[in-house]
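Only the coordinates and a few stated rules stand behind these numbers; no lab work does. The shown structure was predicted, so the numbers you read here are calculated from the model rather than taken from an experiment. Glycine gets a Cβ as well: all are built from the backbone with ideal geometry, and neighbour counts include every protein chain shown.
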Amino acid sequence: MLTFFTTAKPFKGHNAIIQRNALQSWKMLHSRVEVILFGDEEGASQVSADYGLRHEPYVERFKQKLPYVNFMFARAEQIGRHNVLCYANCDMILTADFCRAVEQVRIVCPQFLIVGRRWDSDIVEPIDFSNPSWQEQTRRAALSANNQRDEWWIDYFVFSRGLFGSDMPPMVVGRPCWDNFTVWKALQKHPVVDASRTVLAVHQNHGYEDPQGHVARLRGEDARRNLGLAGGRGHLRTIAHATLILDAGGLRPNLGRGWAELKSRTGELLQILTYKLWLPAWHFLLDITRPIRTALGLRSKGVTESKEEQ
């Protein structure tokens, strides 16, 4: 069966509702499902007791804030009961199709990583899990919203024990790059399965507590640090790079992977040309022509204003 692991925000307000929804949906998948909740955020201990989760209050963090991905992956493998593990963001609702997909892949592949695209949905109230039709209602609401994210958005990772080893870099969750790097790392030796066609993974929409908003989360210091630890954009891959696709007919090769790889390589080449050749050449040209431009009064407005402020 499955060992889930995750970390959560404080269980307050809307976050409490959607995180409880997610955790309980995982527990409802099977009587033998194990869920490990990392972190000592407000309410985590009580929620673990309410739902019978394994609570691990201690988690290593960057600057005592965001948890390290590598710590949680390694610790989950160390203490998890099952040989198939799943890291999922704590706002994801999963239903019966998830377990069916994992079983289909597990039978064929001894080592694997499963990922898939998510469906965004506005859920503002606790789900009534005593209602036999809760799965159908939740799925119908997500399909009605009709907002399936693209291949860059990865919110769950199902993998066989030992897939990643002990050399994952100390990236942090809640920031970009670690998820795309994880796909890249798995692709080096193992099959990666895109389960988007068989798993309807429901992401519950929410806001961000960062006062600088979503942009800071994507481009701030923590995001840049994750990118550096990944080794640059050349080590980032998406769901579209999966080697296999799981659909109604079972597992089949991902024929579109070559196109996805070509786009990645092209992006890498453009980045090299821009930052290694074009920008240095442009700055060199500006430097050697500065005396002439100054004499002709052609210095940029930004530079002039900067000198006047001084």
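Per-structure values
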{"quantity": "For Arg237, residues with placed amide H under 5 Å, excluding near neighbours", "calculated": "Phe181, Val183, Trp184"}
{"quantity": "Derived scalar couplings ³J(HN,Hα) [region 165-177; Karplus, 6.51 cos²θ - 1.76 cosθ + 1.60; whole Hz; x for Gly, Pro]", "calculated": "x, 10, 10, 6, x, x, 7, 10, 6, x, 10, x, 5"}
{"quantity": "Ranked by how many other beta carbons lie within 10 Å on average, peptides 79-85, 6-12, 218-224 from highest", "calculated": "6-12, 79-85, 218-224"}
{"quantity": "Pairwise label distance in nanometres, Arg32 with His55, each label 7 Å out on the Cα-Cβ vector", "calculated": "2.7 nm"}
{"quantity": "Sorted by Cβ density within 10 Å, fewest first, the residues Val124, Val35", "calculated": "Val124, Val35"}
{"quantity": "Out-of-range pairs (alpha-carbon distance over 20 Å; input Lys185/Lys263; Lys27/Lys189; Lys9/Lys185; Lys9/Lys65)", "calculated": "Lys27/Lys189; Lys9/Lys185"}
{"quantity": "Net lengthening on full extension, Arg140/Gln111 (0.36 nm per residue, minus Cα-Cα)", "calculated": "7.2 nm"}
{"quantity": "Mean ellipticity per residue at 222 nm, deg cm²/dmol - from DSSP H runs of n ≥ 4 across the chain, formula -39500 (n - 2.57)", "calculated": "-12500 deg cm²/dmol"}
